[in-house]
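The values are calculated or read from the model by the stated rules, or taken from the named source; none is laboratory data. Just so it is clear, the structure is predicted and the values come from calculations on it, not from any experiment. Virtual Cβ from ideal backbone geometry, glycine too; neighbours counted across all protein chains shown. What goes into the accessible areas is simple: the full protein's heavy atoms, side chains included, and nothing from ligands, DNA or RNA. Shrake-Rupley method; radii C 1.70, N 1.55, O 1.52, S 1.80 Å.
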Amino acid sequence: MRIAWHNTQYPEEADFIVLGCASEEGSSWEGTSKAPEAIRKASREWLTGELHDGTNFRYNPQSSALNKLVFDDGNVKKSVLAEAVQTISSDKKIPVILGGDHSVTTEALKGFDETTKNISLVYIDSHPDFMESEMNYYASVLTDVQELKNVKLNKSVLVGVRGANSFELENIKKSKMKTFYSVDFVESGVKKIFNQIKKKITKKFYLSIDVDVLDPAFAPGVSDPVPGGITSNELTLLCKKLASLKPIGFDIVEVLPDNDVNEKTSTFAAKLVSEIISSYR
Ligand SMILES: [Mn+2]
């Protein structure tokens, strides 16, 4: 099954290549490997429709139409994700990765590390994923990407944090990443946070979205929900603003369909893909 936003049969003419990475090897929870198909299915079930005469339609993203060409290339194994991202990036296309657990981001960044200099990371997650106890783990992504030559954590940001332990806070400090906590959205609003992110990051930035940044009310279908999160509208608006700066690629990870309620987390993830793509300038 292809995501509802798939609108060309020719990958060579596409602006965006969607890749699922149905891997949960890096997680201590079971089930995130079911996410890519759940997101595709939700996009078709909830975000498209059929008129009485049998014509199909799909929802447009808000504020701008989906005027880009999207090719959904199915799923790739985690072991070849870096290579796939490297190829897409060399072809001047934008990879859109559907996780999988958060360690797929490490693989995506390994791919970009071969093609792109001076990479910033906009890491949107309730957890900083800055543990050192294990490698290639969903909670050690930031530790693991420190090994890459072109990823600059001192020009990167963490957004929506509210589930950090003391080791992680210490590591954030050392890395010189800038952190925006969940409550900052209430105090400052999306616009101010976006402007501060823009000042901190380089032109070549990668956007990684762990859906557990949302309040569990909006995204119950995640491995490790943390109370007190941001709203789906705040996340959508921030992502649309970031997309206008043309990230080199983006991922949406950590959807856990078994914990979901009425597919709302999968449907949100599918909708967010269209909102981000439509906002590239
Ligand atoms: Mn994460």
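The set of residues from the range 239-265 being part of a loop (DSSP other than H, G, I, E, B) and within 16 Å of the ligand (Cβ to nearest atom) comprises Glu254, Leu256. Considering (1) of a type in the set (Phe, Trp, Tyr); (2) within 16 Å of the chain's Cα centre (by Cα); (3) open to solvent by 20 Å² or more (accessible area, probe 1.4 Å), the lone condition that Tyr181 does not fulfil carries the number (2).
Per-residue answers, yes or no, for (1) under 14 Å from the mean Cα position of the chain (by Cα); (2) more than 10 Å from the ligand (Cβ to nearest atom); (3) closer than 20 Å to Val211 by Cβ:
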residue: Glu132; (1), (2), (3): no, yes, no
residue: Leu148; (1), (2), (3): no, yes, no
residue: Ser156; (1), (2), (3): no, yes, yes
residue: Gly163; (1), (2), (3): no, no, yes
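Return a yes/no flag: does the range 212-234 have any residue that is within 23 Å of His6 (Cα to Cα), touching a residue at least 24 places away in the same chain (Cβ under 8 Å) and either open to solvent by less than 20 Å² (accessible area, probe 1.4 Å) or part of a loop (DSSP other than H, G, I, E, B) (or both). No: the range 212-234 contains no residue that is within 23 Å of His6 (Cα to Cα), touching a residue at least 24 places away in the same chain (Cβ under 8 Å) and either open to solvent by less than 20 Å² (accessible area, probe 1.4 Å) or part of a loop (DSSP other than H, G, I, E, B) (or both). Checked against the criterion of being outside any helix (DSSP H, G or I), small (Gly, Ala, Ser), under 17 Å from Asn75 (Cβ atoms) and modelled with pLDDT of 95 or more, the candidates Ala4, Ala42, Ala35 yield just one match: Ala4. Buried (at least 17 other Cβ atoms within 10 Å of the Cβ) and at negative phi: does that describe Gly26? Criteria met by Gly26. In the set (1) near the ligand (Cβ under 10 Å from one of its atoms); (2) farther than 20 Å from Ala84 by Cα; (3) among the aliphatic types (A, V, I, L, M), Val141 fails one condition alone, (2).
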